[in-house]
Amino acid sequence: MLEMLKTLFNPGSGSAETAKNRLRLVLARERVGLPESQLTELKGELCDVISKYFEIDKTALEIEIMNKNGQSALSVNTPVNAPTH
C-alpha cells in the first residue's frame, strides 16, 4: 500500500517520466534527421561492436541523442559484465 501511494504522489516516477524521456528522444532524433529505423539499426550495430569486447545485456543498452546550444551529442549507456576473451 505504501509503495502504491509513493508511486501516485511522486511526480518524477512511473509512466509520466518514461513518456517525457521518450518524447525528448523523439524530438532530438527528429532534429538530427535520424529515422526510427536507423536508430534501431544503430543500436543493434553498437551492441555488436561492444559485445566484441565486453559481455553486455543487449536489452539494457540505452541510446540518447541530446541537443544543447544547437549541437547534438550521442550518449550510449549499458551495464558491462566482464571483458570477453
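The values are calculated or read from the model by the stated rules, or taken from the named source; none is laboratory data. On a predicted model such as this, the values are computed, not experimentally measured, just so you know. For neighbour counting, all protein chains shown are included, and Cβ atoms are generated from backbone atoms with ideal geometry for every residue, glycine included.
Assorted remarks:
- Cross-chain or 6+ apart pairs with Cβ under 7 Å, the stretch 61-81 first and over 17 Å from Pro35 (Cα atoms) and free of Cβ contacts under 8 Å to residues at least 60 places away in the same chain, then of a type in the set (Val, Ile, Thr) and assigned to a loop (DSSP other than H, G, I, E, B): Leu61/Thr78
- Matching option when the condition is modelled with pLDDT of 70 or more and under 15 Å from the mean Cα position of the chain (by Cα), among Lys52, Lys20: Lys20
- Output for the stretch 24-49, where each listed residue is modelled with pLDDT of 70 or more, in a helix (DSSP H, G or I) and over 23 Å from Pro79 (Cβ atoms): Glu36, Ser37, Gln38
- Residue that is farthest from the chain's Cα centre (by Cα) [pool: residues in the stretch 55-81 that are among the small types (Gly, Ala, Ser) and modelled with pLDDT under 85]: Gly70
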